[in-house]
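The values are calculated or read from the model by the stated rules, or taken from the named source; none is laboratory data. What you see is a predicted model, and the numbers here were worked out from it, not measured in a lab. Please note: Cβ atoms are built from the backbone with ideal geometry, for glycine as well, and neighbour counts cover all protein chains shown. What goes into the accessible areas is simple: the full protein's heavy atoms, side chains included, and nothing from ligands, DNA or RNA. Shrake-Rupley method; radii C 1.70, N 1.55, O 1.52, S 1.80 Å.
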Amino acid sequence: VASAFSILPTACLEESLCILWMLQRAGLPVTMRVGVQACPFRAHAWVECDGQPVGEDPFFLRTYAPMTIGPI
């Protein structure tokens, strides 16, 4: 939501780190994921809560091979 009011563009990594931090502070069991595509190379970051993506389309995320990043 905050990125909608930003005068600077934000990327999925910055947004995911902010979401991860806020939801962890609220005591929710969240995990940050970074997914990659091989050809053409692309990367995308998102947050999951109880295995479900937060604010992301699960169909879109199927195109990425996820890597798990532990708690911060």
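Go through the stretch 13-72 and tell me which strands (runs of 3 or more DSSP E), entirely inside it, have 1 or more residues that are open to solvent by 60 Å² or more (accessible area, probe 1.4 Å).
Qualifying strands (runs of 3 or more DSSP E): 42-49, 65-69.
How many residues does the stretch 54-72 hold that are of a type in the set (A, V, I, L, M, F, W, C) and modelled with pLDDT under 90?
Adding up the residues that qualify gives 3.
Could you please let me know if ARG33 is basic (Lys, Arg), at pLDDT 90 or above and out of contact with any Phe, Trp or Tyr (no Cβ under 9 Å at 6 or more places or on another chain)?
Answer is no for this residue.
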